[in-house]
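Please treat every number below as a calculation from the coordinates, not as lab data. This one's a predicted model, so the numbers in the text were calculated from it and none came from an experiment. Glycine gets a Cβ as well: all are built from the backbone with ideal geometry, and neighbour counts include every protein chain shown.
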Amino acid sequence: MIKYIVFDFDGTLADTFDVIKNIAMSEYDEYDIDLESFKHLGAKEILKMVNIPSWKLPGMILNVTSKLRKNKDIKLFPGSIDLLNNLNKNYKLGILSSNSQEIINDTLKKYNIDNLFEFVYSESSLFGKHLVLKTMCAKYNINPHEVIYVGDEDRDIIAAKKIKIKTIAVTWGFNSKEKLSKEKPDLIVDSQMQILEEISQI
């Protein structure tokens, strides 16, 4: 029985694609990075295209993430508030993200929905997001079989599957529907309303 719905933040609840794109273009203008292609190709393929050395990647990710964490003007996708209010009637809600807990909490308070969440867990790992999900479950005493993770990237699906967590993939974030479909999430949706209509089938 599903008790928890845990959301990724950037690209799932928060519309931050353009923010991240602008940071990357500003910080690394020496590389011809087309982040629009990221939605269809993914990080590994893009890195091959622009010849970014693999040893540089962790530092680049850390730099972009740190800049994102300083952004104070994050907007939620239209429909997110209604979705969360409806889900909160039947499930416990959480957020897992590499974004700053302070930024996430400030955004939730701005929209007056911080009271809807049981927890906001901020952590990232270069060794795999599945380890972060596993730590989250241990920290909040969550049975992986009782949680659905909602994310917008194929790596979210891959990570959740590694520890037997069910997944919902949303198509309005960082990866295209085609790319998400290849990883076979339990549900793939094009709108928040579709989550409400179909979540009981998972």
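Give me the residue from region 139-163 that is closer than 13 Å to I2 by Cα and not β-branched (V, I, T) and, out of that set, nearest to the chain's Cα centre (by Cα). Step by step, filter region 139-163, then rank; the result is Y149.
Which members of region 134-164 meet the condition of being among the small types (G, A, S) and touching a strand residue (DSSP E or B) at 6+ places or on another chain (Cβ under 9 Å)? I'd like the intermediate steps shown before the answer.
Going through region 134-164, the residues among the small types (G, A, S) turn out to be 138, 151, 159-160.
Within region 134-164, G151, A159, A160 qualify.
Return the residues of region 122-167 that are aromatic (F, W, Y) and touching a residue at least 40 places away in the same chain (Cβ under 8 Å); say none if nothing qualifies. Selection gives Y140, Y149.
Which of the residues spanning region 184-202 are of a type in the set (A, V, I, L, M) and touching a residue at least 24 places away in the same chain (Cβ under 8 Å)? Reasoning before the result, please.
Narrowing region 184-202 to residues of a type in the set (A, V, I, L, M): 187-189, 193, 195-196, 199, 202.
Within region 184-202, M193, I195, L196, I199, I202 qualify.
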